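The values are calculated or read from the model by the stated rules, or taken from the named source; none is laboratory data. Because the structure is predicted, anything quoted here is derived from the model rather than measured. As a convention, Cβ positions derive from the backbone with ideal geometry for all residues, glycine included, and neighbour counts pool all protein chains shown. The area values use the complete protein model at the heavy-atom level, side chains included, leaving out ligands, DNA and RNA. Shrake-Rupley method; radii C 1.70, N 1.55, O 1.52, S 1.80 Å.
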Amino acid sequence: VQLQASGGGLVQAGGSLRLSCAASGRTFSSNFMGWFRQAPGKEREFVATVRLIDGYTSYADSVKGRFTISRDNAKKTVYLQMNNLKPEDTAVYYCAATQANYYYRDYAQYNYWGQGTQVTVSS
């Protein structure tokens, strides 16, 4: 599975961005696709994930109510709509895919990773 992330950029606090992650290759083997982020000097953290077969979603508490993850299986693409962005959302965002059915908030479960896309939120 190859993943290509896009959509990052610079935005003011309160603004919005939409990230996209296009998958190619043996995508049928993936169960969940998700987003993680890593800020300078911090560990990679879970943001959101979606189960491809039925659209079940899970979010980190810090983004719940502001971010929405969705998928378009026909396009093999997962999106992360980010609204009401805050400076603390500044990070490199990574999309990832896993065959795992459990512990889908744990980055160690994800086998495939895209390149990161930078999101910078100015105050």
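A residue that is surrounded by fewer than 14 Cβ atoms within 10 Å (Cβ to Cβ) and at pLDDT 95 or above can be found somewhere in the stretch 42-53.
In the stretch 94-114, the residues that are over 19 Å from Asn73 (Cβ atoms) form no Cβ pair under 6 Å with any partner that is open to solvent by 80 Å² or more (accessible area, probe 1.4 Å) and among the basic types (Lys, Arg), whether six or more places apart or across chains. The strands (runs of 3 or more DSSP E) located wholly in the stretch 1-61 include none with 3 or more residues which are more than 15 Å from the chain's Cα centre (by Cα) and free of Cβ contacts under 8 Å to residues at least 40 places away in the same chain.
For the stretch 102-119, give me each residue that is open to solvent by 50 Å² or more (accessible area, probe 1.4 Å) and touching a strand residue (DSSP E or B) at 6+ places or on another chain (Cβ under 8 Å). Listed by number, the residues that qualify are Arg105, Asp106, Tyr107, Gln109, Asn111, Tyr112, Trp113, Gln115, Gln118. Among the residues of the stretch 79-101, which ones are surrounded by fewer than 13 Cβ atoms within 10 Å (Cβ to Cβ) and touching a strand residue (DSSP E or B) at 6+ places or on another chain (Cβ under 6 Å)? Answer for the stretch 79-101, where residues must be surrounded by fewer than 13 Cβ atoms within 10 Å (Cβ to Cβ) and touching a strand residue (DSSP E or B) at 6+ places or on another chain (Cβ under 6 Å): just Pro87. Would you pick out the residues in the stretch 68-78 that are in contact (Cβ under 8 Å) with a residue 24 or more places away in the chain and either β-branched (Val, Ile, Thr) or surrounded by 17 or more Cβ atoms within 10 Å (Cβ to Cβ) (or both)? Scanning the stretch 68-78 gives Ile69, Arg71, Lys76, Thr77, Val78. Say whether the condition of being farther than 17 Å from Val1 by Cβ, out of contact with any helix residue (DSSP H, G or I) (no Cβ under 6 Å at 6 or more places or on another chain), open to solvent by 60 Å² or more (accessible area, probe 1.4 Å) and at pLDDT below 95 is met by at least one residue in the stretch 18-40. Yes, the conditions are met somewhere in the stretch 18-40.
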